[in-house]
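Structure record follows, encoded as structure tokens.
The values are calculated or read from the model by the stated rules, or taken from the named source; none is laboratory data. What you see is a predicted model, and the numbers here were worked out from it, not measured in a lab. Because the Cβ atoms are built from the backbone with ideal geometry, glycine has one as well, and the counts that use them run over all protein chains shown. For accessibility, only protein heavy atoms count, side chains too; no ligands or nucleic acids. Shrake-Rupley method; radii C 1.70, N 1.55, O 1.52, S 1.80 Å.
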Amino acid sequence: MARRYDPERRRRIIEAAIRVVGRNGIAGLSHRSVAAEADVPLGSTTYHFKTLDELLVAALRQTNEGFAKAVASHGGLEDPRTDLATELAGLLGEWLAGERTGVELEYELYLAALRRPALRPVAAEWCEDVAELLSHRTDPVTARALVALMDGICLQALLTGTPYDEEYAREMLGRILPGN
């Protein structure tokens with residue numbers, strides 16, 4: 001039987017892994033569950049991703065792109081005439097108002113780095129990339145503090161189920177920024 005060329009298979013496997021984790025948590029992730037979700041042979045998942053950690057790294061990279069793209073596309077963040085705290089608080093509000101499952105999934109994968117060392121560099125990349133984008137408007141130390149605060153605000157909203165308070169976020173972000 002001839003092998004079928006399928007250039008999108010790796011991407012489909014990653015997307016299937018994201019769906020499996022979103023539905024069943026990381027504990028429900030296996031090569032078998034991903035293969036079934038992606039409708040590919042089991043050997044395809046192990047060919048592209050030797051370990052589940054490799055698959056989780058790819059999934060985390062893909063989910064991280066969501067928030068990083070939102071930050072990068074938010075025009076007000078680059079404009080020095082806009083209030084950075086207001087822009088960031090609005091951005092968090094937009095992100096948290098989106099599909100909650102996707103936001104929860106991003107954090108589940110992000111926090112999995114606590115127990116899975118292979119994920120730590122990818123989680124760190126996310127923080128560094130967002131801080132790099134913000135350092136165009138402030139110094140690098142303040143940018144890292146802003147990322148840490150935004151992370152904390154989002155995590156608290158997700159864990160407590162309380163509605164996102166944009167005004168609170170704006171005020172706290174403003175306290176970190178020089179000159180506010």
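Specify which of the listed residues (A148, A112, A157, A131) is of a type in the set (G, A, S) and within 13 Å of the chain's Cα centre (by Cα). On inspection, the qualifying residue turns out to be A112. Confirm whether E78 is in contact (Cβ under 8 Å) with a residue 24 or more places away in the chain, more than 30 Å from G179 (Cβ to Cβ) and out of contact with any Asp or Glu (no Cβ under 9 Å at 6 or more places or on another chain). No: the conditions fail for E78.
Does A70 meet the test of being modelled with pLDDT of 90 or more and under 23 Å from R11 (Cβ atoms)? First the steps, then the outcome.
Numbers: modelled with pLDDT of 90 or more: no; under 23 Å from R11 (Cβ atoms): yes.
Criteria not met by A70.
Of the residues making up the range 1-51, those that are within 17 Å of L105 (Cβ to Cβ) and among the acidic types (D, E) are E15, E37.
Take the residues in the range 154-173 that are within 10 Å of A89 (Cα to Cα) and open to solvent by less than 60 Å² (accessible area, probe 1.4 Å), then tell me which one is modelled with the lowest pLDDT. Walk me through how you get there before you give the answer.
Looking only at the range 154-173, we keep the residues that are within 10 Å of A89 (Cα to Cα), and these are 164-173.
Then drop every residue that is not open to solvent by less than 60 Å² (accessible area, probe 1.4 Å), which leaves 164, 169, 172-173.
Numbers: Y164: 92, A169: 97, M172: 97, L173: 97.
Of everything passing the filter in the range 154-173, Y164 is modelled with the lowest pLDDT.
Which one of L92, L177 is in contact (Cβ under 8 Å) with a residue 12 or more places away in the chain and in contact with a Leu (Cβ under 7 Å, 6 or more places away or on another chain)?
On the way: L92 fails: in contact with a Leu (Cβ under 7 Å, 6 or more places away or on another chain).
From the options L92, L177, the qualifying one is L177.
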